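Written below as structure tokens is the structure these notes are about.
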Amino acid sequence: MKLLEENYQLNFSKINFLERKTKIENKKTIICGASKVGKSYLIFDYLRNFKSEEYLYIDFFDFRNRTIFEELDFLEEFIFSKDIKVLILENFNYECKIPNCENIILTSQKNIKHKDFKIIELFALDFEEYLLFDNKNQNITQSFNNFLKYGNLPLSINLEEHKKVLKLQEILKLNSKDNTSYEISKILIENIDEKKSIFQLFNQLKSKIKISKDRFYEECKELEDKNSIFFIEKYNQEKSLKKIYSYNYAFLGAISFSKKFKQEFTNMIFLELLKENKTIYYLDNIDFYIKEDNLAIVCIPFFNIDLNSNLLKKIIKTALEVDIEKIEIITISNNQKIDNKKIHIETIVFYEWALI
């Protein structure tokens, strides 16, 4: 039981971290989330309640544990012999049978379920959390600029600026099984906030590299299962093209010099909405439709009522067709209430909207 003993010696009491809105509150918990969104640090927060000798932490992605499966038959015996109160199985592998233990925390990039376990779907930082983590900037405008430019992953905040893009590139490569997998992720990220079919994207990529249709579709499904890529349906039109979003909009700037400010801004707003755990659709001229709130969200970074008057008419027309009662236009520059007898319409600066 050499590897079990080595993992038992791990001590996380000296790790510094900041609390998230989400906490582990159940003795049996599964944390699901994409790479680098902060699953491990949620665990470190939880382990503060225990002495180091009371927990066993095993990460199946740790190269040092590559032969640990040979010892898993003795896991329950080891837990009993050491009187372990908490078992952590990071990047849970179903080759491991879950033993008896008072507290068990599992993590996975994919959404997994297990009887009697509470599920936590963890996403990267929202803007409110980002402000708590970003203790270098006292200016909310500067914090917003960094949030938009470098993304929402906790590890990006305290990196030196010249290393941030390199770190994002590194994460994308680490998350890819091979070069083909990397190219699939890239083409999806390049098309965030676009209406594209998987088949269209496959044909687009096929013209650049050798790839089978089955491989492309399987990889897209896996990225969706890992909450790394999201596909949003058009309301009441399941067969229509879906809009694509990434769990970190800053990946786009890390793989391309092309400026797609509107797409990144819209993806950022999508992620804020995602945490509300409500079904999100899109409509013609409306970026996001939250049916249960009778709410339309439109993302126009630099809104001007005179310059955007024709677009506003189209937005209102679509909203009236589905009986939407409220339209929120999210900007980066101005707040304004817009007169309309049938629908409540207002423009809201992102950082005020995100902190409501």
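Can you compute 3J(HN,Hα) from phi for each residue in the stretch 261-272, using the Karplus curve 6.51 cos²θ - 1.76 cosθ + 1.60 with θ = phi - 60°, rounded to whole Hz and x for Gly and Pro?
Residue by residue, the stretch 261-272 yields 4, 4, 5, 5, 4, 5, 4, 4, 5, 4, 5, 5 Hz.
Can you tell me which of 204-215, 86-97 comes out highest on packing, and rank the rest after it, using the mean Cβ neighbours within 10 Å? Each step should come with its number before you reach the end.
Working: 204-215: 11.6, 86-97: 17.2.
Order by mean packing, descending: 86-97, 204-215.
Nearest 0.05, what FRET efficiency do ASN335 and TYR182 give at R0 = 41 Å with Cβ-Cβ as r?
With a Förster radius of 41 Å, E is 0.50.
Can you bin the stretch 239-334 into rounded, prolate or oblate? Criterion: square roots of the alpha carbon gyration tensor eigenvalues sorted a ≥ b ≥ c, rounded for a/c under 1.5, prolate for a/b above b/c, oblate for the rest.
oblate
For the chain, with all protein chains present and a 1.4 Å probe, just round the carbon and sulfur fraction of the accessible area to a whole percent.
Heavy-atom surface of the chain belonging to carbon and sulfur, 1.4 Å probe: 48 percent.
Can you bin the stretch 136-254 into rounded, prolate or oblate? Criterion: square roots of the alpha carbon gyration tensor eigenvalues sorted a ≥ b ≥ c, rounded for a/c under 1.5, prolate for a/b above b/c, oblate for the rest.
It comes out oblate by the Cα gyration axes.
Given a cut-off of under 8 Å on Cα pairs at least six residues apart, what relative contact order in percent is computed for the chain?
Reported as a whole number, the value is 13 percent.
Among 322-328, 182-188, how do they line up by average Cβ neighbours within 10 Å per residue, starting with the highest?
Highest-to-lowest ranking by the protection proxy: 182-188, 322-328.
What does DSSP give for the chain in terms of the percent of beta bridges that are antiparallel, rounded to the nearest 5?
In the chain, approximately 35 percent of DSSP beta bridges are antiparallel ones.
What is the set of long-range amide H partners of ILE120 at a cut-off below 5 Å, with H atoms built 1.01 Å from backbone N?
Correct list: ILE30, ILE31, CYS32.
Return the sequence-ordered ³J(HN,Hα) values of the stretch 18-30 in whole Hz as given by the Karplus equation 6.51 cos²θ - 1.76 cosθ + 1.60 applied to θ = phi - 60°, using x for Gly and Pro.
Ordered by residue, 3J(HN,Hα) equals 10, 5, 9, 5, 8, 9, 7, 10, 10, 5, 10, 9, 10 Hz.
Taking amide H positions as placed 1.01 Å from N in the peptide plane, with prolines and chain starts having none, which residues 5 or more places from THR331, or on another chain, fall under 5 Å of its amide H?
ILE348, VAL349, PHE350
Would you mind checking the pairs LYS149/LYS260; LYS36/LYS196; LYS167/LYS206 and listing those with alpha carbons more than 19 angstrom apart?
Violating the 19 Å limit, Cα to Cα: LYS36/LYS196; LYS167/LYS206.
Can you give me the C-alpha center-to-center distance between the stretch 264-314 and the stretch 1-67, rounded to a whole angstrom?
Between the Cα centres of the stretch 264-314 and the stretch 1-67 lies a distance of 38 Å.
Relative contact order for the stretch 145-300: what percent, with Cα pairs under 8 Å and sequence separation of 6 or more?
So the answer I get is 24 percent.
So if we plug the beta-carbon distance of PHE199 and THR279 into 1/(1 + (r/R0)^6) with R0 = 30 Å, what FRET efficiency do we get, rounded to 0.05? Let's see the in-between values first.
Numbers: r = 25 Å, r/R0 = 0.82.
So the FRET efficiency works out to roughly 0.75.
Ordered by residue, what ³J(HN,Hα) values in Hz, to whole numbers, does the stretch 277-286 give under the Karplus form 6.51 cos²θ - 1.76 cosθ + 1.60, where θ = phi - 60° and Gly and Pro are x?
6, 10, 6, 10, 10, 10, 9, 4, 6, 10
According to the square roots a ≥ b ≥ c of the eigenvalues of the Cα gyration tensor, what is the shape class of the chain, taking rounded for a/c under 1.5, prolate for a/b larger than b/c otherwise, and oblate for the remainder?
Judged from the Cα gyration tensor, the chain comes out prolate (a/c at least 1.5, a/b above b/c).
Have a look at ASN179, GLN169, ASN146 and report the one farthest towards the positive end of the charge dipole of the stretch 103-217, computed about the Cα centre with Cβ charges (Lys/Arg +1, Asp/Glu -1).
ASN179
In nm, what is the difference between 0.36 nm times the number of residues separating ASN135 and TYR94 and their Cα-Cα distance?
Between ASN135 and TYR94, full extension yields an extra 10.8 nm.
Compare the peptides 296-303, 66-73 by average per-residue count of other Cβ atoms within 10 angstrom and give them in order, highest first. Walk me through the numbers on the way to the answer.
Details: 296-303: 20.9, 66-73: 13.4.
Answer by packing, highest mean first, reads 296-303, 66-73.
Quick check: pseudo-label points 7 Å beyond the Cα along Cα→Cβ at GLU352 and SER212, how many nm apart are they?
My value for the distance between the label points is 5.5 nm.
Can you give me the long-range amide H partners of GLN109? Hydrogens built in the peptide plane at 1.01 Å from N, cutoff under 5 Å, separation of 5 or more residues or another chain.
Those lying under 5 Å, H to H, from GLN109 are GLY33.
Roll a 1.4 Å probe over the protein chains and send me the accessible area per residue for the chain in Å².
That works out to 53 Å² for each residue.
The values are calculated or read from the model by the stated rules, or taken from the named source; none is laboratory data. The model shown is predicted, which means the values in this text are computed figures rather than measured ones. Quick reminder, even Gly has a Cβ in these numbers, built from the backbone with ideal geometry, and neighbours come from all protein chains shown. Only protein heavy atoms, including side chains, enter the accessible area calculation; ligands, DNA and RNA are left aside. Shrake-Rupley method; radii C 1.70, N 1.55, O 1.52, S 1.80 Å.
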